[in-house]
Amino acid sequence: MKLYSFDIAPNPARVVAYLDEKGIELEREVVNLLEGEQRSESFLKLSPAGTVPVLQLDDGECITESLAIIEYLEELYPEPPMIGRDALQRARTRAFERSVEMGVLWPIMRIVHATKSPLGLPPSPEVESREWARLKPALERLEARLPAQGFALGDAPTIVDCTLFAALQFAQLFDLTFSDYPKVEALYQRFKQRRTG
């Protein structure tokens, strides 16, 4: 299998964090979004929407969308479990991860692209204002929900932590900070420490 990725982008970053946590080693190829490689004819054959990440299977079939890739790999490599050991745990993990994706990751991506877009998108104060209005209450809910120690759902990381890490890492690259949310920031730092040793 081969992963096409651009690791600083949030969606590929959560897949890479997941791979690191699981200890899964895959061949990787960088698709440089800043240079427009995602629009090349050869890459569009793999990902018609021109998005990363893409997991290319050994038979050439491609899986796009970060969560689809993670869920596929979780089926192949169930240990250690990062979505849950039973149906209820998996439902709780998926629900929590989805709330982080929609409430935190998506608004952060939109704020960055509305202010300092690395892809050269024009500034949009209207989008920035709207997304901050969505992000702040989501962070408040997350702050109230997170434990003071450990990870989002206990002692071991899950896909929730991977998604939150990817969102906050992207935010940090563009000088967005969240010191008003100490448990969110602390969880980010604990998970980041696992990436850097």
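Bear in mind these aren't lab numbers, they're just calculated from the coordinates by the rules spelled out. As the structure is a prediction and not an experimental result, all values here were calculated from the model. Note: ideal-geometry Cβ built from the backbone for every residue, glycine included; neighbour counts use all protein chains shown.
Our compactness index for the range 1-104, the C-alpha radius of gyration over the empirical 2.2 N^0.38 Å, is 1.10. Considering the chain at the alpha-carbon level, its Rg and Dmax are found to be 16.7, 48 Å. Seen through its C-alpha gyration tensor, with square-root eigenvalues sorted a ≥ b ≥ c, the range 87-196 comes out prolate because a/c lies at 1.5 or above while a/b is bigger than b/c. In the range 95-136 the Cα-Cα distances spread across 10 Å bins starting at 0 as 33, 48, 18, 2 percent of all pairs. Here the simple spin-label model places points 7 Å from the Cα toward Cβ, and for R130 and Y72 these points are separated by 3.2 nm.
Please state, rounded to one decimal and in Å, the Kirkwood hydrodynamic radius that the range 53-121 gives when every pair of distinct Cα atoms enters the mean of 1/r.
Computed over Cα pairs of the range 53-121, the Kirkwood hydrodynamic radius comes out at 14.3 Å.
The distance separating the Cα centre of the range 11-43 from that of the range 49-115 comes to 13 Å. Longest stretch of the chain clear of exposed loop sites (GluC sites (Glu not before Pro), DSSP loop, at most 14 other Cβ atoms within 10 Å, sites excluded): 62-197.
The simple Förster model, with R0 at 25 Å and r as the Cβ-Cβ distance, assigns A87 and R145 a FRET efficiency of 0.70.
Extension gain for E29-R190 works out to 55.2 nm (0.36 nm per residue, less the C-alpha to C-alpha distance). Taking the helices alone, the chain has a mean residue ellipticity at 222 nm of -17000 deg cm²/dmol, built from -39,500 (n - 2.57) per DSSP H run of at least 4 residues and averaged over all its residues.
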